[in-house]
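Undergrad: A single structure is presented below for examination.
The values are calculated or read from the model by the stated rules, or taken from the named source; none is laboratory data. Small disclaimer: the values here were computed from a predicted structure and weren't measured. Ideal geometry is used to build each Cβ from the backbone, glycine not excepted, and the neighbour counts take in all protein chains shown. Heads up: the accessible areas ignore ligands, DNA and RNA and are worked out on the full protein's heavy atoms, side chains in. Shrake-Rupley method; radii C 1.70, N 1.55, O 1.52, S 1.80 Å.
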Amino acid sequence: MIKKKDQMRHAVIEHMRGGEGEIHLEHILENSETGDRTGLCSVCTVEPGCSIGLHTHDTNAEIYYMLEGQLELNQNGQLCTIQTGDVVFTSDGESHSVANRGDKPAKLLAVIFPH
């Protein structure tokens, strides 16, 4: 399958997972296009002052791959900064959140794998 950029669905989610502001999603692949092998496969743009709230992955795992910028990550209560080229893996039963504390937008590829 080849999917062109103009075929990708865009969405804006306010207060994603209880976070601040808006998160812009470019859905690279829909669940139906992967045979339900992914729960999410999207580029997320996190503008300055915005965040994805703390949430736990109970029945799935998630990868964040930083494409651009930097974000403050809370991974199971541990805070650190992630930046372009960094990857985060959140396993079943773990929790995470991200916040853009800088002055430039940040982009990450988010892929959720259901069990």
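Undergrad: Sort His55, His15, His24 by accessible area with a 1.4 Å probe, largest first.
TA: Details: His55 20, His15 100, His24 65 Å².
The most accessible residue leads, giving His15, His24, His55.
Undergrad: Among Thr59, Thr81, Thr90, which one shows the highest mean-square fluctuation when the chain is modelled as a Gaussian network with alpha-carbon springs under 10 Å?
TA: Its mean-square fluctuation being the largest, the pick is Thr59.
Undergrad: Right, another one. Using a 1.4 angstrom probe on heavy atoms only, work out the carbon and sulfur share of the accessible area of the chain in %. Don't jump to the answer; show the numbers that get you there.
TA: On the way: 3240 of 6530 Å².
Of all accessible area on the chain, carbon and sulfur atoms account for 50 percent.
Undergrad: Separate question: What whole-number value in Å² describes the accessible area per residue of the chain for a 1.4 Å probe?
TA: Numbers: 6530 Å² over 115 residues.
Per-residue value: 57 Å².
Undergrad: Let me check against my output: what whole-number percent is the relative contact order of the chain, with C-alpha pairs under 8 Å and at least 6 apart? If you can, show how the numbers build up before the last one.
TA: On the way: 309 pairs, mean separation 33.5, N = 115.
Relative CO of the chain lands at 29 percent.
Undergrad: Explain nothing, just the number: dipole magnitude of the chain about its Cα centre with +1 on each Lys and Arg Cβ and -1 on each Asp and Glu Cβ, in debye rounded to the nearest 20.
TA: Working: 9 positive and 17 negative charges, 59 e Å.
That gives a dipole near 280 debye.
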